[in-house]
Each structure stands twice: as structure tokens, then as C-alpha cells.
Amino acid sequence: FYPRPLLGYSGRRLMVTEINIQDVEPIFSVVVPAFNAQNFIGATLDSLVKQQFPFFEIIVVDDGSTDGTKGVVDKFSFDRRIRYVRQDNEGTGGALNTGHAISRGKYLTWCSADNIYFPQFLATFFNVFQQLEAQNVPVEYIYADFIYVNNQGQQIGIVQHPDAQPKKDLVNGY
């Protein structure tokens, strides 16, 4: 249960005492492809369950891991927004396809098993989508800047898109 004011679909605040998130269709589906990710996926899932925007599902697609990835994911069983799917190793593309095929959200996104989302990530994207849809601007995709960190969590680089060129950026791997 989620006992606090929530941002409603229309952008206004809804005052609720309790809402069962499981009863609300997810706005976002976050697919997490994972292969031998036991050392990182805990921090990834922790960052996802702490999102300020609550209406999303997390689909962890274990792509044939041989380490303790499932055991780490199982520690997050308290959050019913998380679904775990295991498949034979098909690579990142195969894992993403599996996750997208079973997703229920209006919007699809993915998070590598060694990435961390800032708490406002989904809320920010939701607000952007709402603003653009209100202006009847068709949206095919959006993407964000990101920060590189090392194994100690220290920032070692940043990729920014001050003059975004979506098709060129996507071809270049951003």
C-alpha cells in the first residue's frame, strides 16, 4: 500500500489514504535484462522501487544467468510490481523482446541490470509525455543524459545531449 498523496493521471494531486498499486494499470513498464548480474542488480532494483512515480511495473528478464542473480531479485519480492522471468541466454535484444512482449504499461523503457535511475526519473518522463500529449505533439521516443560511475559509485563521466539529434544519437549508441 502507498499511504501518501499521489500525482494523478491528469497532473493534479490525489489525496488518498491507501491505494493498492497492484490494482492500478502501470503507466511505465521497465524491462531489466539481466545476465550474471548478482553484483549490481540489487542497487538497480533498489533505485527502481524508490521511484517517486509509483505507477509502473518492473520486468526482470534473467537471460540464462549462472550466478546468484535470481537470489538477489528474490530479496525484492516485497514489491509486487516486480515480475521475474527466466529464459535461455538470447542476449540483451532477446531479453528486451521477452520483457516488452509481456509488458502492460503505456510506455516502455529499459534499465540495464547495472544502471541506477535517479528517484525522479520516471516522474520526469511522465511529465514530459503529459506536456507533449497536451500539445498534440506525437512522441515516438525520448531519452536522457546519463552519468558513468565506477564500481565505487564515483562519477567518472557524463553524456549530455544539449542539442539533441535523436536519430543520430540513437545510431551512435546514446
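As a summary of the residue check, Phe76 satisfies the conditions (1) in contact with a strand residue (DSSP E or B) (Cβ under 6 Å, 6 or more places away or on another chain); (2) closer than 20 Å to Pro119 by Cα; (3) outside any loop (DSSP other than H, G, I, E, B) except for the one numbered (3).
Okay, residues lined up against (1) in contact with a Phe, Trp or Tyr (Cβ under 6 Å, 6 or more places away or on another chain); (2) part of a helix (DSSP H, G or I); (3) modelled with pLDDT of 95 or more:
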residue	(1), (2), (3)
Glu25	no, no, no
Pro33	no, no, yes
Asn36	no, no, yes
Asp46	no, yes, yes
Glu57	no, no, yes
Val61	no, no, yes
Lys70	no, yes, yes
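Conditions (1) within 16 Å of the chain's Cα centre (by Cα); (2) open to solvent by 80 Å² or more (accessible area, probe 1.4 Å); (3) of a type outside the set (Val, Ile, Thr), marked per residue:
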| residue | (1), (2), (3) |
| --- | --- |
| Ser65 | no, no, yes |
| Gly68 | no, no, yes |
| Val73 | yes, no, no |
| Arg81 | yes, no, yes |
| Asp88 | no, yes, yes |
| Gly99 | yes, no, yes |
| Ile102 | yes, no, no |
| Lys106 | yes, yes, yes |
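Among the residues of the range 108-121, which ones are over 16 Å from Ile41 (Cβ atoms) and either open to solvent by 80 Å² or more (accessible area, probe 1.4 Å) or part of a loop (DSSP other than H, G, I, E, B) (or both)?
Matches in the range 108-121: Leu108, Phe118, Pro119, Gln120.
Listed by first and then second residue, the pairs with beta-carbon distance under 8 Å, at least 6 apart or on different chains, first residue in the range 24-50 and touching a residue at least 40 places away in the same chain (Cβ under 8 Å) and closer than 19 Å to Thr92 by Cβ, second open to solvent by less than 10 Å² (accessible area, probe 1.4 Å) and charged (D, E, K, R), are Ser29/Glu57; Val30/Glu57; Pro33/Asp63; Ala34/Asp62; Ala34/Asp63; Phe35/Asp62; Phe35/Asp63. Apart from one condition, Arg104 fits all of (1) assigned to a helix (DSSP H, G or I); (2) modelled with pLDDT of 95 or more; the exception is (1). Count of the range 122-145 residues, restricted to those that are closer than 20 Å to Val32 by Cβ, open to solvent by 40 Å² or more (accessible area, probe 1.4 Å) and either among the small types (Gly, Ala, Ser) or in contact (Cβ under 8 Å) with a residue 24 or more places away in the chain (or both), is 2. Can you find a residue in the range 151-170 that is at pLDDT 85 or above and either part of a helix (DSSP H, G or I) or open to solvent by less than 90 Å² (accessible area, probe 1.4 Å) (or both)? No, the range 151-170 contains no residue that is at pLDDT 85 or above and either part of a helix (DSSP H, G or I) or open to solvent by less than 90 Å² (accessible area, probe 1.4 Å) (or both). Quick one: in the range 79-107, which of the residues that are in contact with a strand residue (DSSP E or B) (Cβ under 6 Å, 6 or more places away or on another chain) and of a type in the set (A, V, I, L, M) is nearest to Thr44 (Cα to Cα)? Per the criteria, the residue is Ile82.
The values are calculated or read from the model by the stated rules, or taken from the named source; none is laboratory data. The structure presented is a predicted model; accordingly, all values stated were derived computationally and were not measured. Because the Cβ atoms are built from the backbone with ideal geometry, glycine has one as well, and the counts that use them run over all protein chains shown. Side chains are part of the model used for accessible areas, which takes the heavy atoms of the whole protein and leaves out ligands, DNA and RNA. Shrake-Rupley method; radii C 1.70, N 1.55, O 1.52, S 1.80 Å.
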